[in-house]
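Structure, as structure tokens:
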Amino acid sequence: MDIRVRNIVKDYGRTAALEGVSLDIASGELIALLGPSGSGKTTLLRVIAGLEIPNSGQVFFGDEDASFTPVQHRKVGFVFQHYALFRHMTVLDNIGFGLSVRDSARRPPAGEIRRRCLELLDLVQLSGLEDRYPAQLSGGQRQRVALARALAVEPRVLLLDEPFGALDAKVRKDLRRWLREIHDRTGHTTVFVTHDQDEALELADRVAVLNKGRIEQVGTPDEVYDRPGTPFVFRFIGESHALAVKVAGGKVWLAGRPILLSPEDMGEGPAQLHLRPQDVEFAAYAPDALPARIISVRRSGPTRRAEIRLSDEQDAVFEIDAPAALSVRPGEERPVRILRGRVFSGD
Amino acid sequence: MPDSMPAALLPPSATKPAAAPDIRARKRLRAPTEDPPLFRAAAIALAVFFLALFLVLPLAVVFIEAFGKGAAAFLEALREEDARAAVRLTLTVAAIAVPVNVVFGIAAAWCIAKFEFPGKSLLVSLIDLPFSVSPVVAGLVYVLLFGAQGLLGPTLQAYGIEVIFAVPGIVLATIFVTLPFIARELIPLMEDQGTTDEEAALSLGAGGFRTFLRITLPNIRWGLLYGVLLCNARAMGEFGAVSVVSGHIRGLTNTMPLQVEVLYNEYNATAAFAVASLLAGLALVTLALKSLLEWRYADEIAGTHRR
Amino acid sequence: MRIRSVIPGFVPAAGITLLLLGLLVLLPLAALVLRAASLGWSGVWDLVTEPRVLAALRTSFGLSLAAAAVNAVFGTLTAWVLVRYEFPGRRLLDAAVDLPFALPTAVAGIALAALYAPNGWIGALAAPFEVRIAFTPVGIFIALVFVGLPFVVRTVQPVLAEAQQDVEEAAATLGAGRIRTILRVVLPALVPAVIAGSAMAFARGVGEYGSVIFIAGNIPFVSEIAPLLIVVKLEEYDFEGATAIALAMLTVSFVILLGLNALGSWSRRRFGHAR
């Protein structure tokens, strides 16, 4: 089932949570809503579910306008950040709850409910735990029960709020892979909220990056990482540094020299150059090299990072990857060359 | 929005005007944790009615009956010698019982909250014991101990010490029923606070007693005050236990609650309610101060463990 | 006993605690047990099964149970309203719930008697229908509802306040309507607290004296409560009878206390503290 979100505006009193958000989610897609806290990602998920009523805007499930459908009738599977399991019910009763509260015409007989719940329990690899209570399960197991419970109502879409947020790092990684498998097996349109970019990039087909109640960019993990559409996305995903540059005469100027990047169709005036550590290299005698001095060197995983300062622009301090073969020492003068990068106009 | 945001990032249909939203339909939607308005109104009405009937009305009756025959009759009843003796006795009893409770409460909380020792949970249960004993039984056990036919009564009488039907018995019975109050407030509070503050003070060279006065006592002062408040209200208002040991000797062993009973049984309703209104006023002041403490110093009185 | 700790003062603190507890609480209670022991099992049994004593115990326990049941319902409702709804006067109402704790029982007793007597505000409303409230078991029941009211409210309130609303949202996403969510998800989670609060109200009701005797009428076999019968026996210098009744009441109190502790640890084990 595809989901279309149109111009959703939502405010809590004076603070705006969503400022006109639109998003198309294809059927069967696994999409991540990624953003810092307060960006509106959870609010958007809750609006889709019907847990939050927007001030204006519409939500379509397929061709059906679900904007005024109460949450009970939206047929969504929602997995809560802290699982929200019913503590006084067994695992089996938790999973069967959605079926058991249907009106008598649509409610399957008790035996059928039980059979389906056991099937789901098998799907989430928890067979044998049906008579446990939530308090007797580990965090990861609770998360699986919560997912099975959401799947039991045969939802049109699956919505997960920070599904791995409350788990420790190891369990997180396992569950991530496992969620992907479940998604591929069941084919549900799935939306999940996360503030963890690794999680979003690894798991999702597409990522919607939110900031301050707006969607900054929607794209595949490669697109948002390699071609960030806005300064925010550049800053938020991966490592980056911003340097003040000037656009004049069809060229981008850094520290008084033109660099090789084209300003595209940007207007004249001050601009920001965004760089990742891989976008700059040490280059001894290239004509477009900029004189720079190494401030410090540190180890970062498999590579070494050098913090450098441009000699002609004392404010321009950034980090670049130093190849293993190259000897770099703090205090050395080493020209650098900018290979890639992205220029955004404005200060 | 930044200039460089490519228009293609926005879904094409987003620029189309949305269908006019149905305002009324949206208004009918409720957040899923919000109750139906009718349900909500009925629940509030029922709860308010229940509390008004069982709490507000009895309280109102006390004051209305007390002033029913005018302020003069009210004052007259309070000026009466027996009534004044009852007030004096009640204040005396509270003045003894509350400090004993403070000492007991602090000592009990100190050893339970700051130390680990075998039998600790048994001690906690024993401290709670007076709460599960009927006040009448509390009075009875003192009669069995100190009464004329009691275990120790005759011995004490030989030395001229009267406990039962005298002030000492009233004080003892009052302490019995109020004993858990302050300890129960302080134990969870001091457990929460742990021992690090005291350890820091000791490591800085402060002596044990000074550490208690300068570190522990300021940390627990609001909780202590809270306990004193509740303890005092019960000490001044205790009826059942005191009634059994007092002997109802007017002007001598009648506390205010007992005086209320005596006057009421003599069909002197105005006087009974006049004395009762003083006690009701005490209850109201206690409630007001208690609410103030809960509201102002919620974290410092460990409100969650309250009963 | 040696306690290893850098914190000083264990010996004096424990000494004061045990001394006061021993002298003021345990010694007097021991006097009761000693007195009962001198009667022997059969002696106590005979005294407790005396018809008038049995009637009084039945009155105390039966009416306390009924009052606890009413408080379970209305106390839960009150806690719900105080925690979940915002309305003018809510804080005042919240503070008022503790009134039965703060108001001396004798004052509550004469106030209730005045209200429900045939010429009282409420008694007069019932009088035309030939219904008498004061000086009957109904009056006792009303007094016991009054004294037990705060227990359920104050036990359920914190549980409700800490309950996460996400379980209610979860029920909604699974298709449950609001009323069904309350009945199947919210209320069952409160059951341990409601039982605990009602049991405390019940225990308090059984021992209650001051607020009951004025409204009860104190007619033997009809509206005479067990604590009053202890007082009556004492006035007749029947210490044995008083002791036997007290022992019966204490025993029941302890059983309730044990049951409460068992309930607490059972519900902690099964439902856990955290979500």
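The table below gives the values:
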item: Residue-averaged beta-carbon neighbours from other chains (10 angstrom radius) around B:210-223; result: 1
item: Trypsin sites (Lys or Arg not before Pro) within the range A:1-62: DSSP coil, no more than 15 neighbouring Cβ in 10 Å; result: A:14
item: Chain A, dipole about Cα centre (Lys/Arg Cβ +1, Asp/Glu Cβ -1), debye to the nearest 20; result: 820
item: Threshold 30 Å², the range B:84-113 residues less accessible with all protein chains present than alone (1.4 Å probe); result: B:104, B:107, B:110, B:111
item: Along principal axes, Cα extents of the range A:155-213, largest first, whole Å; result: 33, 28, 17
item: Cα Rg, Dmax (largest Cα-Cα span) when computed across the range A:289-347, Å; result: 12.2, 38
item: Residue order for B:295, A:253, C:41, C:80 - accessible surface, 1.4 angstrom probe, largest first; result: C:41, B:295, A:253, C:80
item: Using alpha-carbon coordinates, inclination of helix B:167-178 to the longest axis of chain B, degrees; result: 20
item: Residue among C:172, C:55, C:203 with the largest mean-square fluctuation in a Gaussian network model of chain C, springs linking Cα atoms under 10 Å; result: C:172
item: Simple Cβ-charge dipole of the range B:46-93, Lys/Arg +1 and Asp/Glu -1, about Cα centre, in debye nearest 20; result: 100
item: Cβ-placed point charges (K, R +1; D, E -1), dipole of the range C:58-223 about Cα centre in debye, nearest 20; result: 240
item: Listed peptides C:89-97, A:102-110 by packing density, highest first (mean Cβ within 10 Å); result: C:89-97, A:102-110
item: Share of alpha-carbon pairs per 20 Å distance bin for the protein assembly as shown, given as whole %; result: 12, 32, 28, 19, 8, 1
item: Among C:57-65, B:131-139, A:166-174, the order from most to least packed when residues are scored by Cβ within 10 Å on average; result: B:131-139, C:57-65, A:166-174
item: Per residue value of the accessible surface for the range A:53-123 (all protein chains in place, 1.4 Å probe), Å²; result: 41
item: Nearest-0.05 FRET efficiency for residue A:173 and residue C:180, computed from C-beta distance (R0 30 Å); result: 0.20
item: Protection proxy ranking of B:257-264, A:128-135, B:56-63, C:191-198 - average other beta-carbon atoms within 10 Å, highest first; result: B:257-264, C:191-198, B:56-63, A:128-135
item: Ratio Rg/Rh, restricted to chain A and using Cα atoms, in which Rh is the Kirkwood radius; result: 1.09
item: Area accessible to solvent at residue A:24, 1.4 Å probe radius, in Å²; result: 50
item: Distribution of pairwise C-alpha distances over the range B:210-267, 5 Å bins, in %; result: 4, 17, 18, 14, 10, 9, 8, 9, 7, 3, 1, 0
item: Over chain B, volume per residue of the alpha carbon convex hull, in Å³; result: 292
item: Accessible area buried between chains B and C, both sides summed, probe 1.4 Å, in Å² to nearest 100; result: 7800
item: Positions from the range C:67-87 whose accessible area shrinks by 30 Å² or more when the full protein complex is built, not the chain alone, probe 1.4 Å; result: C:74, C:77, C:78, C:81, C:85, C:87
item: Spin-label model distance (nm) - residue C:121 vs residue A:73, 7 Å beyond Cα toward Cβ; result: 4.7
item: Qualifying chymotrypsin sites (Phe, Trp or Tyr not before Pro) in the range C:209-275, DSSP loop, other Cβ atoms within 10 Å at most 15; result: C:221, C:237
item: Residues of chain C: accessible area per residue with a 1.4 Å probe, Å²; result: 42
item: Most positive-pole-ward Cα, C:153, B:98, C:11, against dipole of the protein assembly as shown from beta carbon charges; result: C:153
item: Shielding by other protein chains, C:225-232, mean Cβ within 10 Å; result: 4
item: Cα-Cα over 28 Å, subset of B:114/B:290; A:41/A:173; B:69/B:290; result: B:69/B:290
item: The range C:8-122 shape via C-alpha gyration tensor axes, a/c threshold 1.5; result: oblate
item: Fraction of alpha-carbon pairs over 22 Å apart in the range C:58-223 - percent; result: 50
item: Accessible surface of the protein assembly as shown [probe 1.4 Å, protein heavy atoms]: carbon and sulfur percent; result: 60
item: For C:157-169, mean number of other protein chain Cβ atoms within 10 Å; result: 4
item: Environment charge at residue C:211 (Cβ cut-off 12 Å; Lys +1, Arg +1, Asp -1, Glu -1); result: -1
item: Simple label model, 7 Å out from Cα along Cβ direction - residue A:227 to residue B:73, nm; result: 9.4
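The values are calculated or read from the model by the stated rules, or taken from the named source; none is laboratory data. The structure presented is a predicted model; accordingly, all values stated were derived computationally and were not measured. Quick reminder, even Gly has a Cβ in these numbers, built from the backbone with ideal geometry, and neighbours come from all protein chains shown. Calculation scope for accessible area: heavy atoms of the full protein, side chains included, ligands and nucleic acids excluded. Shrake-Rupley method; radii C 1.70, N 1.55, O 1.52, S 1.80 Å.
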